[in-house]
There are 2 protein chains.
Amino acid sequence: MNRSLVVDGLEINNWTRPVIDEVRSGGVDVVHATVGVWEDLAGAMTRIGAFRHLVRNNADAIRIVRSVEEMYTAADDGVLAVVLGFQNASMLGDDPEMAGIFADVGIRVVQLTYNIANHLGSSCYEPVDAGLTRAGHRMVAALNDAGVLIDISHVGNVTGRHAVDASAHPIAITHGNPASFCDKARNKPDDLIHAVAARGGMIGCTLYPLFIGGSEITRRQYCEMLADLAEAVGVAHVGIGSDAVLGWAPDALGWMRSGRWDRPVDSSEIPDFPPWPDWFDGPKDFPSLAEGLTEVGFSDADRAAVLGGNWLRLYREVFGA
Amino acid sequence: MNRSLVVDGLEINNWTRPVIDEVRSGGVDVVHATVGVWEDLAGAMTRIGAFRHLVRNNADAIRIVRSVEEMYTAADDGVLAVVLGFQNASMLGDDPEMAGIFADVGIRVVQLTYNIANHLGSSCYEPVDAGLTRAGHRMVAALNDAGVLIDISHVGNVTGRHAVDASAHPIAITHGNPASFCDKARNKPDDLIHAVAARGGMIGCTLYPLFIGGSEITRRQYCEMLADLAEAVGVAHVGIGSDAVLGWAPDALGWMRSGRWDRPVDSSEIPDFPPWPDWFDGPKDFPSLAEGLTEVGFSDADRAAVLGGNWLRLYREVFGA
């Protein structure tokens, strides 16, 4: 159980067999895969059903897992292990019992808000963040009870800090970077990152182009950011959450970002997926990232921790709770 | 694991603490409890959540179970074991993956149709029963795969017979009587009962007044029906499914029978719950039923089988599959 696995802390792919094979080609053993962003309860269950159907038809290549033990078994069997998660709490509605119900069908990670405020708290894009609501506190407790990892990647900083403090278990920024490295609303201030780490949580650094400063950034610059972060908060709290967006048609980005609430009114407003750096064009390039970590001085052990071991430690602590 | 448990094969109560205590007062160890009749996916999940909340608040008295082993553990712990089920497939929609998803959240019994025809087949009240549909065949296979017991109590006779033949596992009439005993559309013809039994399934004889000929029937008459049935199909295929309706306000019956599709147009059409026989006014009177079985000549072993052992055998065979 102590050998190293490669874990991508968040991908939001449109999963098909070619996508599965592309991810596996990067030596990735475990992916936390988003299966809900703007859905309601029924829509989210339907997406989980669709993912199960994909797995049924590709059982030689991919498997839904619910524990670290199952991740190791999947790796032994040579199949990609997928942890299912939501990037929103819309599907939970106002019912804390839905935390356990979704956990029972395999959901192991839930982000409290996506790109807009909801009944639990504020997103990172709101002008005012009033923090975790009363229902938010109840839902955090229910997610804790259900062994679901709480994610604050798109959550507002006040709400996120409240979640760190309210949660009985460590929480995660599954895909985000320090704002001190790239100043965007989606990236996180140092104090929040430190609070997450101090409680035993993780920051999964993203490679999504908008949050690293664009595709021109070099591998060395990115990996030096990881080294600085490991120095600041402890290497045990740093991982990767690539935010890979494989397999989507270009028009999917509008849905992904804005769902129904802010649909473009003319075609010039339809966003395009941004270009990725040539040294990391998706999870197939995890070996390139590994080289970069070595180049900036990570030991083999620390490199293995950042590329997967730290996620496994957090998953074991939270999922097993 | 060989001692006897008392199992009620179907109750459709409005569960509260007084109802739980009333059921327990009859020495009932296990109840298959209906938690969905007319709901869609989200509505059904919400009802499961509400039942979980009830259990959370009454953990000293009731527990949701998913296996026969858990039923025995619950009995050892002195709490009522509840198997969750639906009396309709409306919540599964057209998606066979929902069979496994609902199984994961505890659903162990699904009736293919309720009181109206649906996408899977016909109810017992339709003028024409075209049998199990193409989607019905797919859903039967999915329910088999998920270890869910298929119930045909309210299903049309042609559809029900198709389900017996299509199912890889035995199926059940969880709450219904021989039509030869009481001639109602909800009761079953002998050939269907024999087919269910021949495949290893069960008929759970109901005590719902409309399907025993009214509250005037005597205990001896009812128990002689059970003896005749055991003689005809084998005692191993006979059980009890009381169809208890505890805890409901009078106006609930309209919803229960007709949902939204056939709401009464004036108040004179609102149905009333019928009176029950004085010797069985609900699951609290299981001891009376036990006495009646002895009176008509059931051995102690056969009586224990009819009062629970046979359900446990079927549950073990299907849930474990």
Would you mind calculating the relative contact order of chain A from Cα pairs under 8 angstrom and at least 6 residues apart, reporting the percent as a whole number? 20
Averaged over the residues of A:98-108, the number of partner chain Cβ atoms within 10 Å of each residue's own Cβ comes to 4
Name the chymotrypsin sites (Phe, Trp or Tyr not before Pro) in region B:199-286 that are in a loop by DSSP and that have at most 12 other C-beta atoms within 10 Å, would you? B:261
Label distances, nm, residue A:60 versus same residue in remaining copies, Cβ-directed 7 Å point: 5.7
Tell me which residues come under 5 Å, amide H to amide H, from residue A:111 once H is placed; ignore anything under 5 positions away on its chain. A:86, A:87, A:88, A:151
In the Gaussian network model of chain B, springs joining C-alpha atoms below 10 Å, which of B:254, B:309, B:100 carries the largest mean-square fluctuation? B:254
Per residue of A:89-97, what is the mean number of Cβ atoms on other protein chains within 10 angstrom of that residue's Cβ? 3
Whole angstrom only: what separates the Cα centroid of region B:93-115 from the Cα centroid of region B:147-219? 20
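Based on a Kirkwood Rh over C-alpha pairs, give the Stokes-Einstein translational diffusion coefficient of region A:134-216 at 4 °C and viscosity 1.567 mPa s in µm²/s.
100
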Across A:36-45, the residue-averaged tally of Cβ atoms belonging to other chains within 10 Å stands at 4
Spread of Cα-to-Cα distances over 5 Å intervals beginning at zero, given as percent, for region A:149-192: 6, 26, 34, 22, 9, 3, 0
Hey, what's the Kirkwood Rh for region B:7-319 if you take every pair of different alpha carbons, in angstrom? 19.2
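Let me check I have the definition right: for region A:1-108, take the eigenvalues of the Cα gyration tensor, multiply each by 5, take square roots. What are those semi-axes in whole Å, largest first?
Values: eigenvalues 118, 45, 27 Å².
Output for region A:1-108: semi-axes of 24, 15, 12 Å.
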How large is the charge dipole for the protein assembly as shown, taken about the Cα centre, if only the Cβ atoms of Lys, Arg (+1) and Asp, Glu (-1) carry charge, to the nearest 20 debye? 240
Run the label-point distances for residue B:262 please: 7 Å along Cα to Cβ, every other copy, nanometres, shortest first. 5.0
At 7 Å out from Cα toward Cβ: residue A:141 inter-copy label distances (nm, ascending): 4.7
Which three extents, in whole angstrom, do the alpha-carbon atoms of the protein assembly as shown cover along their principal axes, largest first? 87, 53, 42
Using helices alone, I'd like the mean residue ellipticity at 222 nm for chain A: each DSSP H run of four-plus residues gives -39500 (n - 2.57), total over residue count, nearest 500. -11000 deg cm²/dmol
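What does the highest-first list of A:64-72, B:294-302, B:139-147 look like by mean Cβ count within 10 Å?
Packing order, densest peptide first, comes out as B:139-147, A:64-72, B:294-302.
Computed from the coordinates by the stated procedures, all read-outs in this text should not be read as laboratory data. Quantities reported herein were computed from a predicted structural model and do not represent experimental measurements. FYI the Cβ positions are ideal-geometry reconstructions off the backbone, even for glycines, and counts take in every protein chain you see.
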